[in-house]
Every structure is written in structure tokens, then in C-alpha cells.
Amino acid sequence: MQHLKIAVFVSGGGTNLQALIDHIEEGEMPARIECVLSSKEDAYGLERARNHNIEGIFIGKKNYPECNERTCKILGILENYKIDLIVLAGYMGILDKAIIEEYRHRIINIHPSLIPSFCGKGFYGEKVHEGVLAYGAKITGATVHFVDEGTDTGPIILQKSVSVEDDDTVESLAKRVLKVEHELLPKAVKLFSEGRLKVEGRCVKEEL
Ligand code: GAR
């Protein structure tokens with residue numbers, strides 16, 4: 001079977017990237033991470049990539065201030081590596097429409113809540129868990145979805161819930177949600193790599 005060529009986009013610590021690297025290295029799916037792109041120069045995710053002999057590339061507003069230029073650079077890299085799937089793993093940048101169009105239903109994102117709750121503009125990273133706790137929600141979780149032109153609005157691939165405890169803090173909740181993310185993201189990528197995800201409108205079906 002031919003290997004799926006993946007580009008992972010990060011902005012921070014990259015624990016989701018690490019989970020994906022580990023599952024791939026354990027031989028769980030016919031896939032290979034060809035490159036890691038970061039919107040932050042000092043993202044630890046870049047170091048994780050280099051530790052596993054994966055090219056880590058910084059492309060942010062700092063070195064490519066113009067959106068057009070940034071998009072061209074990203075598209076060039078994706079083309080060079082003949083990327084089949086883009087994985088947004090804690091990526092805090094916004095992808096330009098040109099990339100979304102070119103890779104329709106071939107970009108997946110992990111979000112630390114049960115979409116459509118606590119998602120969209122302003123809800124990213126710890127802000128999601130702050131929102132959950134401030135609202136007093138009893139259940140949160142993680143979602144993996146395809147990326148469309150909206151913010152966190154694309155078809156949902158996988159979700160799993162996490163209970164919110166009375167004494168939870170942003171840190172304790174983030175930790176339990178991350179554990180679930182590390183399970184869901186590799187699972188979604190594996191399903192994609194096996195060609196088992198079928199998108200029907202807003203719904204994603206798992207084929208046997
Ligand atoms: C993860 O919780 C991920 O779901 C979230 O950022 C964190 C990155 O952690 N992503 C978003 O909020 C995107 N809207 P990581 O760098 O350790 O994988």
C-alpha cells in the first residue's frame with residue numbers, strides 16, 4: 001500500500017504531533033509525516049519534528065508578513081512534498097482560502113471541545129477550557145473535523161466527551177482533554193489513510 005504523505009501544522013508544544021509521530025512509528029497506519037510547518041519560530045513542535053528527522057519549517061507573519069506570499073510559500077512546500085493530507089495540530093494561524101480549496105476534505109483539525117460548543121472565533125487553546133469552566137458545562141471533549149472556510153465549522157469526523165469535575169482548573173481540564181485528543185487524532189488520520197472516510201454534505205461516514 002502506498003504511504004499517505006502528511007504535513008502537520010503546529011504553533012506550540014506539539015503534543016498532538018508527537019502522538020501522531022508515535023502511532024506512525026509503531027506502524028499503525030500507512031502514512032508518513034513529510035514536514036512540519038509552524039506559525040511560531042520557537043514552537044517546541046518544530047524541535048519534536050527535527051528529533052524524528054522530519055523537516056521543520058517556520059512560516060509565520062514574522063518572516064512572511066504578506067498573506068499572499070505566505071500562502072504561496074505554503075502551497076509550494078505542500079506541492080514539493082506531494083502532500084495528501086494536512087493535519088492542523090494546535091495550529092493557531094488561519095489558512096487562506098486558496099489552500100482550503102486546493103485541499104478540500106484533505107485538511108483535518110483537532111479542537112479541544114465538543115463542536116459546536118466552545119468553538120469559533122476567540123476559542124482556541126486554553127481559552128476553550130476557560131469558556132467551558134466559566135459557563136459551568138458538565139461535559140466537554142475533543143473533536144476532529146475537516147476544515148472548511150469557516151472557523152471550526154467543517155464536517156465532524158470523530159468526537160469524544162470528557163466530564164468536567166467541580167474542582168477542575170483550566171490546567172487539569174486541558175490535561176484530560178489532551179489525553180483524549182492524543183487518541184482521537186491518530187485514529188482519524190488512520191481512517192483517512194485507509195480511505196475509510198466518506199463525506200456526505202455535513203456528515204462524515206466511516207466505511208467498513
Ligand atoms: C490542543 O489542545 C489543540 O486541540 C488546540 O491547541 C492545543 C495544542 O496542543 N487547538 C486549538 O485550540 C485550535 N482551535 P499541542 O500543541 O500540545 O498539540
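The values are calculated or read from the model by the stated rules, or taken from the named source; none is laboratory data. Predicted, not measured: the structure shown is a model, and the values here were computed from it. Quick reminder, even Gly has a Cβ in these numbers, built from the backbone with ideal geometry, and neighbours come from all protein chains shown. When the accessible area is computed, the model is the full protein with side chains, heavy atoms only, and any ligands, DNA or RNA have been set aside. Shrake-Rupley method; radii C 1.70, N 1.55, O 1.52, S 1.80 Å.
Here are a few things to note about the model shown:
- Residues that are assigned to a helix (DSSP H, G or I) and not acidic (Asp, Glu) were ranked within segment 64-74; the one that is surrounded by the fewest Cβ atoms within 10 Å (Cβ to Cβ) is Asn68.
- Once segment 82-103 is narrowed to residues that are assigned to a helix (DSSP H, G or I) and open to solvent by 20 Å² or more (accessible area, probe 1.4 Å), the residue that is nearest to Gly122 (Cα to Cα) is Lys97.
- The condition (being of a type in the set (S, T, N, Q) and either under 18 Å from the mean Cα position of the chain (by Cα) or within 16 Å of the ligand (Cβ to nearest atom) (or both)) is satisfied by just one residue among Asn80, Asn51: Asn51.
- The set of residues in segment 176-187 being within 12 Å of Gly141 (Cβ to Cβ) and open to solvent by less than 70 Å² (accessible area, probe 1.4 Å) consists of Val177, Leu178, Val180, Glu181, Leu184.
- Pairs are defined by a Cβ separation below 8 Å, a sequence spacing of at least 6 or placement on different chains, a first member in segment 3-23 that is away from the ligand (no atom under 13 Å from the Cβ), and a second member that is acidic (Asp, Glu); the pairs so defined are Leu4/Asp84; Lys5/Glu34; Lys5/Asp84; Ile6/Glu34; Ile6/Asp84; Ala7/Glu34.
- Cβ pairs under 9 Å, 6+ apart, first in segment 55-77 and without any contact (Cβ under 8 Å) to a residue 12 or more places away in the chain and under 16 Å from Met92 (Cα atoms), second among the hydrophobic types (A, V, I, L, M, F, W, C) and not in a loop (DSSP other than H, G, I, E, B): Tyr64/Cys72; Tyr64/Ile74
- Flag: Lys190 matches the condition of being surrounded by 15 or more Cβ atoms within 10 Å (Cβ to Cβ), more than 16 Å from the ligand (Cβ to nearest atom) and not hydrophobic (A, V, I, L, M, F, W, C).
- Hits in segment 116-162 (condition: aromatic (Phe, Trp, Tyr), away from the ligand (no atom under 12 Å from the Cβ) and open to solvent by 60 Å² or more (accessible area, probe 1.4 Å)): Tyr135
- Only listed residue being away from the ligand (no atom under 16 Å from the Cβ) and either under 21 Å from Asn109 (Cα atoms) or out of contact with any Cys (no Cβ under 7 Å at 6 or more places or on another chain) (or both), chosen from Ile57, Ile86: Ile57
- Complete set of residues in segment 34-63 that are open to solvent by 20 Å² or more (accessible area, probe 1.4 Å), closer than 21 Å to Asn80 by Cβ and outside any loop (DSSP other than H, G, I, E, B): Glu34, Arg50, Glu55, Ile57, Phe58
- In segment 1-16, residue most open to solvent (accessible area, probe 1.4 Å) [restricted to those that are modelled with pLDDT of 95 or more and under 14 Å from Leu85 (Cα atoms)]: Lys5
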